[in-house]
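Asks: Before I ask anything, here is the structure I am working with.
The values are calculated or read from the model by the stated rules, or taken from the named source; none is laboratory data. Worth saying up front: this structure is predicted, and the values here are computed from it rather than measured. So basically every Cβ, Gly included, is an ideal-geometry build from the backbone, and we count neighbours across all protein chains shown. Accessible surface is based on the protein model in full, side chains and every heavy atom, while ligands, DNA and RNA are left aside. Shrake-Rupley method; radii C 1.70, N 1.55, O 1.52, S 1.80 Å.
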Amino acid sequence: MEGIYFDNNATTRVDEKVVEAMLPYFTEQFGNPSSMHSFGNKVGLAIKKARMQVQELLGAEHDSEIIFTSCGTESDSTAILSALKAQPEKKEIITTTVEHPAVLTLCTWLEKDGYKVHYLPVDEKGRLNLDEYKKLLSDQTAVVSVMWANNETGTFFPVVEMAAMANAAGAMFHTDAVQAVGKVPLNLKDTKIDMLSVSGHKLHAPKGVGVLYLKRGVRFRPMLRGGHQERGRRAGTENTTSIVGLGKAAEMAMEAMAFENTEVKRLRDKLEAGILAKVPRSFVTGNPDDRLPNTSNIAFEFIEGEAILLLLNKFGIAASSGSACTSGSLEPSHVMRAMGIPYTAAHGTVRFSLSRYNTEAEVDRVIAVVPEIIAQLRKLSPYWEGDGPKEEAFAPTYA
Amino acid sequence: MWDYSEKVKEHFFQPRNAGVLEGANGVGDVGSISCGDALRLMLKVEPETDIILDAHFQTFGCGSAIASSSALTEMIKGKTLDEALKVSNQDIADYLDGLPPEKMHCSVMGREALQAAVANYRGEEWSDDHEEGALICKCFAIDAVMIEDTIRANNLTSVQDVTNYTKAGGGCSSCHEGIEEILVKVMAERGEDFKPGMPAQEEAKPAGMTNLQRIKKIEAVLESVRPQLKRDGGDIELLDVDGKTIYVSMTGACAGCQMEALTLQGIQQKLMEELKEFIKIVPTKAGALSRATCNP
Ligand SMILES: Cc1ncc(COP(=O)(O)O)c(C=O)c1O
């Protein structure tokens, strides 16, 4: 595939070495790990190895704390539903307004079942107010689910601190760390985080495999019941090839961690500074001082994101947008709205997310192309005139 | 990524009549920044004849909003105001070889801008007419008159249709009941019963096939011609189906040869008969197709 791929928060390329590690498990090593013969045995060992590779990446105390699932979404659902089932007397959930739909949609659905869900708001930089959080915690709180890093802006939440606060209040703590794993060094054994979600395809493993970290001793109610796979906590014959791939990807992520936080970050910063310097009325959304090293979300005022993406795509550049039009919904991204970004900018946000496969030449190319595209679309915009917004504000009927 | 026709893409990448029109004497501003599209239509009308001498636009919006605006200006130039007002949103969509259903509201916006610009030229107050109706969809500020007019003009039969054309009901969905009531009323006018849960769109799909069924049919047709191609030392492979465009790669002896065009024409004919719809077959090199990702 030719082109410049700056959409690594959506999904990543599977590393060649990961593919290589997986291949034998389609053919020679096809056995069912539960079988009582050597076909199965070897596969069982491979899964054990993968479990330890993931354990290492997460800094978990025991390898049995790693449960393989089918995706990040399954891990999120399993964690939250388990916490509710395990504590039927507690009827409250605390989460944030900017979670991924994997958590938000589940929570709004749970409201229909009578659960009280508290959605913590964020400020203009996407930050939480911990005093507000503290006030919401009570003996009624079954579970707190707060993401480690936001998928749109990359902004971090202080989950280690929040987990400790939840623990003190007797509530379980889950974090969706789908975007953070592989980019942030983790040491879960030293935290009060009870449950954590991982998705393989965000760290150069295949799509359709994930992990739920479950701290030893935390009460658990499986979502999928059946066979004894994953110690009965997630029934269903293991996706052996993908699990082996995720193990390898986890090992490689450990090795690349420093690179992600130096070189990838340097490229991201160069890209961002380059674009901001050349495009007037553009700004970074989220918290630039505390976020993922690979993500830059830039709002281009007075134009619309889908149009930007279509033009970028013409130049072979792949990114994504928080505009309403790209998602098929009619509202701009809930994350942008939660931060109070005005509509004239929220529709024009573009997320560039890099990976260790991107190059300096690609960054230079995007810096060269973006200003032209923005200028071209602003020429079409009724909000724009010359080098800036129209003096007499454009106010269409029923705005 | 949306399934845009070539015509939509062309009007997006090379918009006609974009930018401020000097000496415009009719201007219509419509749209809503909260839902991400807004349009200014500028007309230069010859007072003696009422003929639209020139039309320009400025649009804040997605690819199809920009393409719809561009198409509209092309369609109305040279028409009298009364002729121009007969251009319906469906005409705009047809001119562009169709819009994805979720994007039909872009063509509605074009039509409204036209009404607003003509009213402005004539010194009338267009927005008054709009505010007559009760606000139905609070998320997108769409009123009953607008919904009624759109249902009437396009023979809509479901809440989903109304959302696709006007955006009404696309937000919190609490107004779906209200939209159903309007559907019952307007459909009764034309002697039809409103049936909840019967989206007209589904019926309108090509020959009622799901995408999977369509692809299976296409594959079956290709399979049926394969033996003949193989006899001549060639082969054909299905690469992608993008709306009405079917991408294939030709390999071996038939790639690039004189016979290729003829062979493809025959296959295209056969596909159209099987699918009962107009399609276009495009030979492409494997791997040349690319798609941008959406927003996961
Ligand atoms: C923060 C976050 N959570 C969950 C998911 C869902 O993961 P998966 O696609 O593996 O279900 C994603 C992926 O888009 C994500 O970014």
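Asks: Would you mention how many residues in the range B:65-101 are in contact with a helix residue (DSSP H, G or I) (Cβ under 7 Å, 6 or more places away or on another chain), open to solvent by less than 60 Å² (accessible area, probe 1.4 Å) and among the hydroxyl-bearing types (Ser, Thr, Tyr)?
Replies: 4
Asks: Being of a type in the set (A, V, I, L, M) and within 11 Å of chain A (Cβ to nearest Cβ): is that true of B:VAL30 here?
Replies: yes
Asks: Can you report the number of residues in the range A:98-142 which are in contact (Cβ under 8 Å) with a residue 60 or more places away in the chain and open to solvent by 50 Å² or more (accessible area, probe 1.4 Å)?
Replies: Summing the residues that are in contact (Cβ under 8 Å) with a residue 60 or more places away in the chain and open to solvent by 50 Å² or more (accessible area, probe 1.4 Å) in the range A:98-142 gives 5.
Asks: Suppose we filter A:HIS174, A:HIS204 for residues that are assigned to a strand (DSSP E or B), surrounded by 24 or more Cβ atoms within 10 Å (Cβ to Cβ), within 16 Å of the ligand (Cβ to nearest atom) and in the same structural domain as A:THR96 (by TED's automatic domain parsing); which single one remains?
Replies: A:HIS174
Asks: Collect the residues in the range A:211-240 that are crowded, with 22+ Cβ neighbours inside 10 Å and hydroxyl-bearing (Ser, Thr, Tyr), keeping them in residue-number order.
Replies: Passing the criteria: A:TYR213, A:THR240.
Asks: Examine the range B:275-288 for a residue that is open to solvent by 30 Å² or more (accessible area, probe 1.4 Å), more than 30 Å from the chain's Cα centre (by Cα) and either modelled with pLDDT of 75 or more or within 16 Å of the ligand (Cβ to nearest atom) (or both), and state whether such a residue exists.
Replies: no
Asks: Quickly run through the range A:177-192 and pick out the residues that are hydrophobic (A, V, I, L, M, F, W, C), away from the ligand (no atom under 12 Å from the Cβ) and either part of a loop (DSSP other than H, G, I, E, B) or in contact with a Cys (Cβ under 6 Å, 6 or more places away or on another chain) (or both).
Replies: Within the range A:177-192, A:LEU186 is the sole residue that qualifies.
Results for (1) at pLDDT 95 or above; (2) more than 16 Å from the chain's Cα centre (by Cα); (3) open to solvent by 50 Å² or more (accessible area, probe 1.4 Å); (4) not assigned by TED's automatic domain parsing to the domain that holds B:MET109, shown as yes or no for each residue.
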position	(1), (2), (3), (4)
B:MET1	no, no, yes, yes
B:GLU22	no, yes, yes, no
B:CYS35	no, yes, no, no
B:LEU53	yes, yes, yes, no
B:HIS56	yes, yes, no, no
B:PHE60	no, yes, no, no
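Asks: Only one of A:SER145, A:SER199 is of a type in the set (Ser, Thr, Tyr), within 13 Å of the ligand (Cβ to nearest atom) and within 14 Å of chain B (Cβ to nearest Cβ); which?
Replies: A:SER199
Asks: Within the range A:67-82, which residues are closer than 13 Å to A:PHE220 by Cα and either without any contact (Cβ under 8 Å) to a residue 12 or more places away in the chain or touching a Lys or Arg at 6+ places or on another chain (Cβ under 8 Å) (or both)?
Replies: Result: A:ILE67, A:THR78, A:LEU81, A:SER82.
Asks: Okay, moving on. Taking interchain pairs and intrachain pairs at least six residues apart, which have beta carbon atoms under 6 angstrom, with the first residue in the range A:296-322 and more than 8 Å from every other protein chain (Cβ to nearest Cβ) and the second of a type in the set (Phe, Trp, Tyr) and open to solvent by 20 Å² or more (accessible area, probe 1.4 Å)?
Replies: A:ALA299/A:PHE283
Asks: Select, from A:GLY59, A:GLY44, A:GLY31, the only residue that is closer than 17 Å to A:GLN179 by Cα and more than 16 Å from the ligand (Cβ to nearest atom).
Replies: The match here is A:GLY59.
Asks: Report yes if A:GLY44 is open to solvent by less than 10 Å² (accessible area, probe 1.4 Å) and more than 14 Å from chain B (Cβ to nearest Cβ), otherwise no.
Replies: no
Asks: I need a count of the residues in the range B:3-20 that are among the aliphatic types (A, V, I, L, M) and under 17 Å from the mean Cα position of the chain (by Cα).
Replies: Result for the range B:3-20: 1.
Asks: Follow-up question, since we're still on this one. Here are the criteria: (1) closer than 24 Å to A:VAL14 by Cα; (2) assigned to a loop (DSSP other than H, G, I, E, B). Tell me which single one A:ILE303 does not satisfy.
Replies: Condition not satisfied by A:ILE303: (1).
Asks: Here's something else I'd like to know. Identify, from the list A:SER70, A:SER75, A:SER82, the residue that is among the small types (Gly, Ala, Ser), surrounded by 22 or more Cβ atoms within 10 Å (Cβ to Cβ) and within 16 Å of the ligand (Cβ to nearest atom).
Replies: The unique qualifying residue is A:SER75.
Asks: Is there a residue in the range A:233-241 that is modelled with pLDDT of 95 or more, within 14 Å of chain B (Cβ to nearest Cβ) and more than 16 Å from the ligand (Cβ to nearest atom)?
Replies: Within the range A:233-241 (the criterion being modelled with pLDDT of 95 or more, within 14 Å of chain B (Cβ to nearest Cβ) and more than 16 Å from the ligand (Cβ to nearest atom)), the answer is no, since none of the residues qualifies.
Asks: Let me ask something additional. In the list B:VAL118, B:VAL108, which residue meets the criterion of being within 13 Å of the chain's Cα centre (by Cα) and not polar (S, T, N, Q)?
Replies: Of the residues listed, the single one that is within 13 Å of the chain's Cα centre (by Cα) and not polar (S, T, N, Q) is B:VAL108.
Asks: Here is a further query. Could you identify the single residue in A:THR105, A:THR73 that is within 14 Å of chain B (Cβ to nearest Cβ) and under 23 Å from A:LEU188 (Cβ atoms)?
Replies: Residue meeting the stated conditions: A:THR73.
Asks: State yes or no: is B:ALA200 open to solvent by less than 20 Å² (accessible area, probe 1.4 Å) and at pLDDT below 90?
Replies: Spelling it out, it is not the case that B:ALA200 is open to solvent by less than 20 Å² (accessible area, probe 1.4 Å) and at pLDDT below 90.
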